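J.: Below are the structure tokens for one structure; questions will follow.
The values are calculated or read from the model by the stated rules, or taken from the named source; none is laboratory data. Note that the coordinates shown come from a computational prediction; the quantities given were computed from them, not determined experimentally. Ideal geometry is used to build each Cβ from the backbone, glycine not excepted, and the neighbour counts take in all protein chains shown. With ligands, DNA and RNA removed, areas are computed over all heavy atoms of the protein, side chains included. Shrake-Rupley method; radii C 1.70, N 1.55, O 1.52, S 1.80 Å.
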Amino acid sequence: MADTSSRSRDLDKLLLRPGNLVGPRFEPGPELRDDLQAYAKVLVVGAGGLGCELLKDLALSGFKNLEVIDMDRIEVTNLNRQFLFRLEDVGKPKAEVAAKRVMERISGVQIVPHFCRIEDKEIEFYNDFSIIALGLDSIEARSYINTVACSFLEYDSNDNPREETIKPMVDGGTEGFKGHARVILPGITPCFECTIWLFPPQVKFPLCTLAETPRTAAHCIEYAHLIKWNEVHGGVAFDPDNPEHMKWVYDEAVKRAELFGIPGVTYSLTQGVVKNIIPAIASTNAIISAACALETLKIASECSKTLSNYLTYNGSEGLHTEVAEFERDKECLVCGPGIRIELDTSITLQKFMDLLEEHPKLRLSKASITHQGKNLYMQAPPVLEEMTRSNLSRSLFNLMGKLPKDVVHVNGITIKNDQKFSCLRKLRVVFKGVDGVTDMDTAGGA
């Protein structure tokens with residue numbers, strides 16, 4: 001067993017000594033280290049190349065209560081950079097194997113794995129954590145976790161965020177020799193949606209090239225994905241996270257490539273093209289994970305000022321790092337106070353849902369609605385849909401306890417750049433003509 005005193009030596013230098021860059025509530029001493037181990041609870045989202053590094057780094061940084069969520073199983077192509085996995089692990093859930101390996105190597109740490117989609121968890125599941133650390137390779141997944149964390153944020157009457165409702169996130173991402181680490185404090189720093197423009201749009205190929213004159217392996221893959229799939233499976237949506245769907249696209253892409261004499265179609269490349277994934281490099285993952293783990297420790301202990309607020313790393317030519325401070329979008333639909341919607345007290349829940357589809361800033365369909373943790377209507381699972389269906393004909397005013405104004409959370413589907421996304425929105429509902437509602441409350445309503 002490793003010498004724990006030696007392992008915590010560098011951590012003690014941060015937590016047991018005063019400094020000039022510490023936070024206002026930092027109190028050095030062994031009690032802080034003990035509290036970090038006993039009370040700080042961190043969720044790692046993703047157990048791939050970056051997630052494996054994050055789990056290991058956080059466990060070695062004094063965090064003893066960790067959980068990890070990932071929906072993928074281990075593949076042979078993961079083994080060159082996802083160091084917690086072995087050949088005999090192929091086919092097993094990443095989250096379960098990663099948790100087991102870290103607990104075997106680092107004494108005293110407890111890691112709870114969750115082998116499922118992030119959308120499968122109730123929203124309140126995420127509220128149980130002190131900090132959420134992201135090791136994802138998907139813009140859609142980042143956006144979803146961002147909206148979930150921002151949904152816990154509450155504002156006071158002056159539209160200032162209530163500190164106790166802020167759910168900190170530390171986000172890392174890598175692409176080849178490049179990477180980023182950022183700190184997201186909803187309501188204070190820019191959230192993911194505030195800086196969505198930082199992520200370039202996915203490369204799109206002309207359909208005529210795909211259909212008639214393919215020249216690369218990527219063309220063959222996209223032909224199978226965008227054209228052939230719809231021809232054969234009309235009406236069935238392609239699911240990039242379904243292994244059977246991905247295997248079908250791969251097989252069709254191989255046939256297409258052989259027809260035109262194009263080499264290079266592999267299963268891993270098929271995944272990369274369809275999911276817009278750039279292969280990761282182990283050293284980049286390690287560097288970005290170290291930055292993310294350090295920022296997580298800073299947030300939990302206030303042993304130093306946190307990153308302000310976006311670090312980029314480029315190791316393709318030499319080594320270059322830079323920190324940029326982006327500004328928060330005060331009108332952000334996700335981390336802002338929420339869209340004010342002015343309603344009559346007679347409006348039913350069904351009519352309210354219809355308005356959400358028509359609202360120019362929302363365009364939300366298939367909405368599930370909660371208020372103060374209570375399910376007003378749920379699209380799924382079927383048992384919850386049946387239980388809440390009767391609420392559709394009831395007035396929203398009564399369902400919200402006849403409050404003159406309050407916040408509701410809506411989980412639904414929206415369309416962005418011709419693609420459907422699952423999203424969570426916070427709405428400030430104000431009922432007209434009810435005592436306690438001022439003109440200022442209804443300003444800016446729908």
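J.: Once a ≥ b ≥ c are taken as the square roots of the eigenvalues of the Cα gyration tensor of the range 16-174, is the result rounded (a/c under 1.5), prolate (a/b larger than b/c) or oblate (a/b not larger than b/c)? Can you show the working numbers first?
T.: Details: a/c = 2.24, a/b = 1.32, b/c = 1.69.
Oblate, since a/c reaches 1.5 and b/c is not below a/b.
J.: Remind me, relative contact order of the chain in percent, using alpha carbon pairs under 8 angstrom and six or more residues apart?
T.: Relative contact order for the chain comes out at 15 percent.
J.: Sticking with this one: Just how far, in whole angstrom, is the range 49-64 from the range 306-320 if you go by their alpha carbon centroids?
T.: If you average the Cα positions of each part, the centres end up 20 Å apart.
J.: I would also like to ask the following. What figure in square angstrom, to the nearest 10, would you give for the accessible area of Arg9 with a 1.4 Å probe?
T.: Counting only protein heavy atoms, Arg9 exposes about 140 Å² to solvent.
J.: For Asn127, what residues show an amide H to amide H distance below 5 Å, using hydrogens built from the backbone and excluding near sequence neighbours?
T.: Sorted by chain and number, the residues that satisfy this come to none at all.
J.: Could you give each residue of the range 209-226 its phi-based ³J(HN,Hα) in whole Hz, using Karplus coefficients 6.51, -1.76, 1.60 with θ = phi - 60°, and x for Gly or Pro?
T.: Ordered by residue, 3J(HN,Hα) equals 5, 4, 7, 10, 10, x, 10, 10, 4, 4, 4, 5, 5, 5, 4, 5, 6, 8 Hz.
J.: Give me a comma-separated list of calculated 3J(HN,Hα) values for the range 361-373, in order, Karplus coefficients 6.51, -1.76, 1.60 applied at θ = phi - 60°, integers in Hz, x for any Gly or Pro.
T.: 8, 10, 6, 9, 10, 6, 7, 10, 10, 10, 9, 6, x
J.: Something else now. On the full set of protein chains, 1.4 Å probe, figure out the accessible area of Arg389 and give it in Å² to the nearest 10.
T.: That residue has around 120 Å² of solvent-accessible surface.
J.: Please arrange Lys94, Lys305 by accessible surface area, largest first, computed with a 1.4 Å probe and ligands excluded. Walk me through the intermediate numbers first.
T.: Working: Lys94 15, Lys305 135 Å².
Per-residue accessible area, sorted high to low, gives Lys305, Lys94.
J.: Can you give the convex hull volume of the alpha carbon atoms of the range 242-401 per residue, in Å³?
T.: Working: hull volume 40.1 nm³, N = 160.
Cα convex hull per residue, to the nearest whole number: 251 Å³.
J.: Expressed as a whole number of Å, what is the distance separating the alpha-carbon centroids of the range 119-151 and the range 373-406?
T.: Here the two parts' Cα centres lie 24 Å apart.
J.: With every protein chain in place, what's the accessible area of Leu16 (1.4 Å probe, Å², nearest 10)?
T.: Spelled out: Leu16, probe radius 1.4 Å, area about 70 Å².
J.: Count neighbours as other Cβ atoms within 10 Å of each site's Cβ, and list the GluC sites (Glu not before Pro) in the range 115-150 that are DSSP loop with at most 12 such neighbours.
T.: Working: sites: Glu119, Glu122, Glu124, Glu140; in loops: Glu122.
Sparse-neighbourhood loop GluC sites (Glu not before Pro): Glu122.
J.: Share of antiparallel DSSP beta bridges in the chain, in percent to the nearest 5? Each step should come with its number before you reach the end.
T.: Numbers: 39 of 64 bridges.
Of all bridge pairs located within the chain, approximately 60 percent are antiparallel.
J.: Return the loop-located trypsin sites (Lys or Arg not before Pro) in the range 131-194 (DSSP other than H, G, I, E, B) with at most 14 other Cβ atoms within 10 Å of their own Cβ; answer none if there are none.
T.: Passing sites in the range 131-194 are Arg162.
J.: Cα gyration tensor of the range 378-417, axes a ≥ b ≥ c as square roots of the eigenvalues: rounded (a/c below 1.5), prolate (a/b > b/c) or oblate? Before the final figure, lay out the partial values.
T.: Working: a/c = 2.75, a/b = 1.21, b/c = 2.28.
Oblate.
J.: Here's something else I'd like to know. Carbon and sulfur atoms: what percent of the 1.4 Å accessible area of the range 335-376 do they account for? If you can, show how the numbers build up before the last one.
T.: Numbers: 880 of 2030 Å².
The computed percentage sits at 43.
J.: Still on this model: Would you mind calculating the relative contact order of the range 308-430 from Cα pairs under 8 angstrom and at least 6 residues apart, reporting the percent as a whole number? Present the calculation step by step, with values, prior to reporting the outcome.
T.: Working: 186 pairs, mean separation 32.3, N = 123.
26 percent.
J.: Okay, moving on. If you average 1/r over every pair of different alpha-carbon atoms in the range 243-329 and take one over that average, what Kirkwood value in Å do you get?
T.: On the way: mean 1/r = 0.0597 Å⁻¹.
Answer for the range 243-329: a Kirkwood hydrodynamic radius of 16.8 Å.
J.: According to the square roots a ≥ b ≥ c of the eigenvalues of the Cα gyration tensor, what is the shape class of the range 117-160, taking rounded for a/c under 1.5, prolate for a/b larger than b/c otherwise, and oblate for the remainder?
T.: Working: a/c = 2.27, a/b = 1.76, b/c = 1.29.
It is prolate, given that a/c is not under 1.5 and a/b is the larger ratio.
J.: Rank these by accessible area, largest first, 1.4 Å probe: Met246, Met71, Met378.
T.: Met71, Met378, Met246
J.: Residues of the chain: accessible area per residue at 1.4 Å, in Å²?
T.: So the chain comes to 51 Å² accessible per residue, rounded to a whole number.
J.: If you don't mind, there's one more thing I want to ask. Explain nothing, just compute: Karplus ³J(HN,Hα) = 6.51 cos²θ - 1.76 cosθ + 1.60, θ = phi - 60°, for every residue of the range 308-320 in order, whole Hz, x for Gly and Pro.
T.: These are the phi-based 3J(HN,Hα) values: 10, 9, 9, 9, 10, 10, 9, x, 6, 10, x, 9, 9 Hz.
J.: If you restrict to DSSP beta bridges whose two residues both lie in the range 1-150, what percentage is antiparallel, to the nearest 5?
T.: Around 5 percent of the beta bridges assigned by DSSP in the range 1-150 are antiparallel ones.
J.: Of all DSSP beta bridges located in the range 65-188, what percent are antiparallel, nearest 5?
T.: That works out to approximately 45 percent antiparallel.
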